[in-house]
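Chemist: Questions regarding the structure given below will be posed in turn.
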Amino acid sequence: MKHIDTFLAIVFMALSACGQQKESEVKAENPQNLNYTTELVVPDLYIPWGMTFLPDGSMLITEKTGEIIHFKDGKKTTVEDGPEVYVRGQGGLMDIKTHPNYTNNGWIYMTYSSSEGEGDGGNTALMRAKLKDNKFVEKQVLYKAEPNTRKGQHFGSRIEFDNRGYLYFSIGERGERDVNPQDITRDCGKIYRLNSDGSIPKDNPFYKYKDAKKAIYSYGHRNPQGMTKNPFTGAIWINEHGPRGGDEINVIKRGRNYGWPVISYGINYSGTTFTDITEKQGMEQPLFYWVPSIAPSGMAIVSSINYPEWKGDVLVGSLKFEYLERLILKYNKVVKREKLFEGIGRLRNVIQAPDGIIYIAVEGKGIYKIVPKN
């Protein structure tokens, strides 16, 4: 009887999802005429997580293992004196981002798993530093999530700046779905907002709440591994891993609850359910969700004139199915999906560089740029 109840719950959840969110029924297609191909520019990388560009056109790349690579004039050198990284499971050295005014202030921001603080294990931290003579100097830890744990999952993490210069970064719920994401007095399962010096903006939504983590900007997240600023609206968009089904794209709004794990379009990896609802008052619906999961990581919204057919489209890397997904939107709804460069490998990140060229990071291979075929 118990097995029958579980089966009916799964069927009910699937039917509910179909009735409430038609976007998930948009099937991914192979493009009829793809006018672009890929060119490998940085070979022989293991798990390239983050990448950012310096004013001279060179690139900084993070390897999950803890190495930071400076790629310049076709050569790779390792940057010295980076953060001390606690490598465990999904944790390691993650994103990297230059300050929007980098030319004048020289600040570079990194997220990584750190064992600093009380307790065994580690948790996600945010650091900034400056690059001088191929070394990081003036290192400052701006935020460190608590408590440490030996669990190996859901560290996040991505970094982005908005048009006003605020810094956003993500931390996953660290495998504690029933404890962390819905509790604003606890770190993890959140999107955070700081001033670029690490101080907390006084207009953050929970700044005046007693015992709240004042850096929190939104909560109820599972494991956001994609984040980008929408170049047309200035809003912060994220993608995040669901469990078995229910990967999501969310537009981040001040103080909003994104529902995990109270509402979800996914089920446990074992096939059992953990919730029987996909929506609830006071909780945000995703802009889009995937069933089945594609394991999204990295995210860009195309504004470059180099890809006129893609302007306004969302690009997301798929770790699970090993392709770059193109999401075509109309009135903020996904109307078409395309699988680009299918079989290229576990696609960890995608960014649009300052010169408008799109780069993708593929595990076990390296960094590719997307170029026209002719």
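The values are calculated or read from the model by the stated rules, or taken from the named source; none is laboratory data. These figures come from a predicted structure and were not determined experimentally. Glycine gets a Cβ as well: all are built from the backbone with ideal geometry, and neighbour counts include every protein chain shown.
Chemist: Could you tell me which numbered condition Gln32 fails, if it satisfies all but one of (1) out of contact with any strand residue (DSSP E or B) (no Cβ under 6 Å at 6 or more places or on another chain); (2) under 24 Å from Trp310 (Cβ atoms); (3) surrounded by 13 or more Cβ atoms within 10 Å (Cβ to Cβ); (4) of a type outside the set (A, V, I, L, M, F, W, C)?
Modeler: Going through the list (1) out of contact with any strand residue (DSSP E or B) (no Cβ under 6 Å at 6 or more places or on another chain); (2) under 24 Å from Trp310 (Cβ atoms); (3) surrounded by 13 or more Cβ atoms within 10 Å (Cβ to Cβ); (4) of a type outside the set (A, V, I, L, M, F, W, C), Gln32 breaks only (3).
Chemist: Output the strands (runs of 3 or more DSSP E) that fall wholly within the range 283-366 and possess 3 or more residues being of a type in the set (Gly, Ala, Ser), or say none. Steps first, answer last, please.
Modeler: Numbers: elements: 288-290, 296-301, 314-318, 323-330, 333-340, 347-352, 358-362.
Once the strands (runs of 3 or more DSSP E) in the range 283-366 are filtered for at least 3 residues that are of a type in the set (Gly, Ala, Ser), what remains is 296-301.
Chemist: May I pose another question? State whether the residues of the range 196-203 include one that is free of Cβ contacts under 8 Å to residues at least 40 places away in the same chain and crowded, with 22+ Cβ neighbours inside 10 Å.
Modeler: Checked the range 196-203: no residue is free of Cβ contacts under 8 Å to residues at least 40 places away in the same chain and crowded, with 22+ Cβ neighbours inside 10 Å.
Chemist: Which residues, counting only those in the range 40-64, are part of a strand (DSSP E or B) and exposed (fewer than 12 other Cβ atoms within 10 Å of the Cβ)?
Modeler: Pro43, the sole residue that qualifies.
Chemist: Given the options Val137, Val141, Val179, name the one that is assigned to a loop (DSSP other than H, G, I, E, B), of a type in the set (A, V, I, L, M), modelled with pLDDT of 95 or more and more than 19 Å from the chain's Cα centre (by Cα).
Modeler: Working: Val137 fails: assigned to a loop (DSSP other than H, G, I, E, B); Val141 fails: assigned to a loop (DSSP other than H, G, I, E, B).
It is Val179.
Chemist: Would you be able to tell me the number of residues in the range 145-160 that are within 18 Å of the chain's Cα centre (by Cα) and either closer than 17 Å to Thr65 by Cα or surrounded by fewer than 20 Cβ atoms within 10 Å (Cβ to Cβ) (or both)?
Modeler: 7
Chemist: Pick from the range 326-346 the residues that are hydrophobic (A, V, I, L, M, F, W, C) and more than 13 Å from Ile360 (Cβ to Cβ): which of them is surrounded by the most Cβ atoms within 10 Å (Cβ to Cβ)?
Modeler: Leu327
Chemist: Oh, and also: For residues that are of a type in the set (Lys, Arg) and under 24 Å from Ser218 (Cβ atoms), tally how many sit in the range 277-312.
Modeler: Qualifying residue count for the region: 1.
Chemist: I've got another one for you. Within the range 207-226, track down each residue that is free of Cβ contacts under 8 Å to residues at least 60 places away in the same chain, surrounded by 19 or more Cβ atoms within 10 Å (Cβ to Cβ) and of a type outside the set (Ser, Thr, Tyr).
Modeler: Listed by number, the residues that qualify are Lys213, Ile216, His221.
Chemist: What is the number of the single condition among (1) closer than 25 Å to Lys229 by Cβ; (2) of a type in the set (Gly, Ala, Ser); (3) out of contact with any Lys or Arg (no Cβ under 6 Å at 6 or more places or on another chain) that Gly119 does not meet?
Modeler: All conditions are met except number (1).
Chemist: OK, next. Just to check your reading of the model, which residue among Tyr289, Tyr323, Tyr307, Tyr331 is in contact with a Lys or Arg (Cβ under 7 Å, 6 or more places away or on another chain) and among the hydroxyl-bearing types (Ser, Thr, Tyr)?
Modeler: Tyr323
Chemist: Scan the range 227-239 and tell me whether some residue there is of a type in the set (Val, Ile, Thr), within 23 Å of Lys190 (Cβ to Cβ) and surrounded by fewer than 18 Cβ atoms within 10 Å (Cβ to Cβ).
Modeler: So far as the range 227-239 goes, yes, one or more of its residues are of a type in the set (Val, Ile, Thr), within 23 Å of Lys190 (Cβ to Cβ) and surrounded by fewer than 18 Cβ atoms within 10 Å (Cβ to Cβ).
Chemist: Also: Quick check on this structure: which one of Tyr143, Tyr168, Tyr109 is in contact (Cβ under 8 Å) with a residue 40 or more places away in the chain, in contact with a His (Cβ under 8 Å, 6 or more places away or on another chain) and of a type in the set (Ser, Thr, Tyr)?
Modeler: On the way: Tyr143 fails: in contact with a His (Cβ under 8 Å, 6 or more places away or on another chain); Tyr168 fails: in contact with a His (Cβ under 8 Å, 6 or more places away or on another chain).
The match here is Tyr109.
Chemist: Looking for whichever is at pLDDT 95 or above, under 18 Å from the mean Cα position of the chain (by Cα), among the hydrophobic types (A, V, I, L, M, F, W, C) and over 17 Å from Glu173 (Cα atoms) here; the options are Ile216, Ile236. Which one fits?
Modeler: Values: Ile216 fails: over 17 Å from Glu173 (Cα atoms).
Selected residue: Ile236, the only one of Ile216, Ile236 that is at pLDDT 95 or above, under 18 Å from the mean Cα position of the chain (by Cα), among the hydrophobic types (A, V, I, L, M, F, W, C) and over 17 Å from Glu173 (Cα atoms).
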